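Engineer: This is the structure, below, for whatever I ask next.
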Amino acid sequence: MTTVARRGVCLVISAPSGAGKSTIANALRAGDSSLVHSVSVTTRSPRPGEKEGVHYHFRSMEQFREMAAQGELLEWAEVFGRGYGTPRAPVEAALASGRDMVFDIDWQGHRLLRAALPDDVVSLFVLPPSMKELDRRLRSRASDAESEIDKRMGAALAEISHWSEFDHVIINEELDRAVREAQSILIAARLKTRRQHGLAALMTEYEAHLTI
């Protein structure tokens, strides 16, 4: 099978909490072992079963802000009093070697990541079927107080208002279909002519064959 060298893709998936961005991102990774997982930095405490360097890089808020100030994060944000960010070095190394990465981050992270890597980011926004369904999902997955649910619904509306900034939008009404649509977007991004830098060498081989 002929393979062509190419630069990797940053597939950014954003959505309001409860719309399914992490589920879709995890399904993509599970179905394609070549995808590289970006381990984020967070200032929250580890949850049961979470391991340093596997699920997150756990840092203090002081350490997190220092990393951001030193340019060690491609994107970062402080949400509900906690910091989240993407380390720069492993992402740049993966892209240069032709490996693809999937990110499930918010609209602010998308803006920063696109600004840092404008030629590498392909973005996808995931919408819930309705706000009523989003409310149901948020209530079914946690035992948060009513005030916390209301806060998350308000944050969801703010997140949704940025849908038009993204390259693609899907509605996650049926998960399997949403995953297939996300896979299609990733495949199309991989096949962009400008991303396949090995095509020039392949064309040289073709031309050499014609002169024989």
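Computed from the coordinates by the stated procedures, all read-outs in this text should not be read as laboratory data. Here the structure is a predicted model, which means the values were calculated and not measured. Cβ atoms come from the backbone with ideal geometry, glycine included; neighbour counts cover every protein chain shown.
Engineer: Please report the projected area of the stretch 2-73's Cα convex hull averaged over all directions, in nm².
Structural biologist: 7.2 nm²
Engineer: Over the chain, with a Gaussian network built from C-alpha contacts below 10 Å, which listed residue (L186, L199, L112) shows the highest mean-square fluctuation?
Structural biologist: Among L186, L199, L112, the largest mean-square fluctuation in the Gaussian network model of the chain belongs to L199.
Engineer: Could I ask something else about it? Counting only Cα, what are the radius of gyration and maximum Cα-Cα distance Dmax of the stretch 1-133, in Å?
Structural biologist: Looking at the stretch 1-133, its Cα Rg and Dmax stand at 15.3, 50 Å.
Engineer: At 0.36 nm per residue, minus the direct Cα-Cα distance, what do E50 and F80 gain on full extension? Give it in nm, one decimal, please.
Structural biologist: 8.8 nm
Engineer: Under 10 Å, Cα contacts only: if you run a Gaussian network model on the chain, which one of T23, T86, T193 comes out with the highest mean-square fluctuation?
Structural biologist: T193
Engineer: Would you mind telling me which residue in E75, E181, E146 has the biggest mean-square fluctuation in a Gaussian network model of the chain, where springs connect alpha carbons within a distance under 10 angstrom?
Structural biologist: Its mean-square fluctuation being the largest, the pick is E146.
Engineer: Suppose R0 equals 41 Å; then what is the FRET efficiency for L210 and A69 from their Cβ-Cβ distance, rounded to the nearest 0.05?
Structural biologist: 0.15
Engineer: Mind giving me the FRET efficiency for R194 and S33? R0 is 30 Å, r the Cβ-Cβ distance, nearest 0.05 is fine.
Structural biologist: My answer for the efficiency is 0.70.
Engineer: If we sort 33-40, 165-172 on the protection proxy, mean other Cβ atoms within 10 Å, highest first, what's the order?
Structural biologist: Packing order, densest peptide first, comes out as 165-172, 33-40.
Engineer: Out of residues 5 or more away from H57 or on other chains, whose amide H comes under 5 Å of its own, with H placed 1.01 Å from N in the peptide plane?
Structural biologist: S40, V41, T42
Engineer: Additional query: Need the C-alpha centroid separation for the stretch 83-145 versus the stretch 47-70, integer Å.
Structural biologist: The stretch 83-145 and the stretch 47-70 have Cα centres spaced 17 Å from each other.
Engineer: Per-residue HN-Hα couplings for the stretch 7-20, Karplus 6.51 cos²θ - 1.76 cosθ + 1.60 at θ = phi - 60°, whole Hz, x for Gly and Pro?
Structural biologist: Working through the residues one at a time gives 8, x, 10, 9, 8, 9, 10, 10, 5, x, 4, x, 7, x Hz.
Engineer: Ok, one more. Between D176 and K151, what is the label-to-label distance in nm when each label sits 7 Å out along the Cα-to-Cβ direction?
Structural biologist: According to this spin-label approximation, the distance is 3.8 nm.
Engineer: Report, in degrees rounded to the nearest 10, the 0 to 90 angle that the Cα long axis of helix 199-210 makes with the longest principal axis of the chain.
Structural biologist: Helix 199-210 sits at roughly 20 degrees to that axis.
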